[in-house]
Structure formats: structure tokens, C-alpha cells
Amino acid sequence: MNELSEELKLRLEKQLNEEAARIVCQITNQAYQRIRVEDNLHMFLVKEGKRIAMEQVSQGTAEQIWFALRMAAAGILQEEEMPVILDDAFGNYDDERLKSTLGWLDEHKKQVFIFTCQKREMKLLDEMGISWKMCGGPLPRKMTEDYMAAGFPRMERATGVTAVIGSGSPCILLRADMDALPVKEENELSFRSC
């Protein structure tokens, strides 16, 4: 049993590394040829034959690596195509890599939800000729009624999106604010708002 488990782990690890490397190569415009994830989740990139630790790359590149790993894992583990939900995922991407990432999403995913307070994504999607639809403003009346019928409180002046995915138990509740007002938090926590 242990041998079978180890064999399956190595096969999955190889598959994840290969798929993530393909995505990283495309979204970084071939800046990195390979990515390697080791047992303890320590990661490194390969550029021009040199090994580069994740700690040595920019925040934008690190976020692109995580994006590639999520997309690779989803592709390997999901039996059917699921929507991709990204919430302000591109804040540290430069425009060229954002274009590459949006192009990759257009090429490979059927349904993508991008929640952002930036207009940059819309501009680039238009420039690239990728069709998209904007959602926002007050919630439609039917959606608000369904939201309340599901047991959630009434939202006054609602400018968010709420979706219940699935039925019965378990199900997923997704809520995203559309007004995206900047918040200045008065603390030094690493995960505070900008």
C-alpha cells in the first residue's frame, strides 16, 4: 500500500510540475521555463538553467506562480470544468504579464469571474478583443429576493454579488463587494488592506 501511495504521489507531483511549468512559461512570456514544487511545498523556478527560489522573485512573479499552481491543480483534480473565481488577483502583475494571463484564461477556461476595483483588466480585455460582461450596481430585485429567501439578511443599497452555488448540503456561498472602496487599516498585520 505504501509503495502504491508513493508511486501515485510521484506521478501527481510530476504532472503538477509539468502543467504548472507550461502555464508559468506562457503567462511570464517565457521568462521562466520550469517550476518545481518539492515535498515541503518549497518551490523554485528555472531561468536559463539556473534555479531561483521563490523568495528571490518579485511579489508579482510569486503571485503568478501561485496562479499557475492553482490552475494546474484544478485542471488535474477536477473531473469537470468549474468556473474560475479571481478576487483582485492581478494587483501586482505588470501589464504584459496580465495580458498573457488574461489570454491564457481566455484560451483555457470556459467561465471566469474577475472581481476587481481596477479598470486595467477591462481595458486590456478590450485591447485584446476578448469579450466580457460587467456586473455591478444595485442587485436585481429577483436576486435580492432569492438572497433573502435563502435566509440571508436584507442588504440596503446593495452593490455586491451573492451567489449560492449548488443546492442542498453542502453548498457554496459566494459574496463579493462591487464598490471596492480603498480602506486604510490602522494596524501592522501582514494581511491588512492596502
Exercise. Work through the residues other than residue 132 whose Cβ is under 15 Å from its Cβ and net out their charges, Lys, Arg +1 and Asp, Glu -1.
Key: +2
Quiz item: Which GluC sites (Glu not before Pro) from the range 47-122 combine a DSSP loop assignment with at most 13 other Cβ atoms within 10 Å?
Solution: 48, 79, 80, 81
Practice problem: Please list, or write none, the lysines whose alpha carbon is within less than 17 Å of the alpha carbon of residue 99, excluding same-chain residues fewer than 8 places away. | Solution: 109, 119, 123
Quiz item: If each Cα of the range 1-137 is one equal point scatterer, what is log10 of I(q)/I(0) from the Debye formula at q = 0.08, 0.17, 0.21 Å⁻¹?
Solution: -0.24, -0.97, -1.33
Exercise. Quick one: net charge around residue 7, please, counting Lys, Arg +1 and Asp, Glu -1 for every other residue with C-beta under 13 Å from its C-beta.
Key: 0
Quiz prompt | Net lengthening on full extension, residue 77/residue 128 (0.36 nm per residue, minus Cα-Cα) | solution = 15.4 nm
Exercise. Mind checking the full-extension length gain between residue 18 and residue 56? Use 0.36 nm per residue of separation minus the Cα-Cα distance, one decimal, nm.
Key: 11.5 nm
Quiz item: So what is the accessible area of the range 1-147 per residue, in Å², with the probe set to 1.4 Å?
Solution: 66
Quiz item: Can you give the accessible area of residue 94 in Å² (nearest 10), computed on protein heavy atoms with a 1.4 Å probe?
Solution: 80
Quiz item: Using the Karplus equation 6.51 cos²θ - 1.76 cosθ + 1.60 (θ = phi - 60°), what ³J(HN,Hα) coupling, rounded to whole Hz, does each residue of the range 125-131 give in order, writing x for Gly and Pro?
Solution: 4, 4, 4, 7, x, 8, 6
Exercise. Leaving ligands, DNA and RNA out of it, report the carbon-plus-sulfur percent of the accessible area of the range 1-115 at a 1.4 Å probe.
Key: 49
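The values are calculated or read from the model by the stated rules, or taken from the named source; none is laboratory data. Here the structure is a predicted model, which means the values were calculated and not measured. Neighbour counts are summed over all protein chains in view; Cβ atoms, including those assigned to glycine, are modelled from backbone coordinates with ideal geometry. These accessible areas exclude ligands, DNA and RNA; they are computed on the full protein's heavy atoms, side chains included. Shrake-Rupley method; radii C 1.70, N 1.55, O 1.52, S 1.80 Å.
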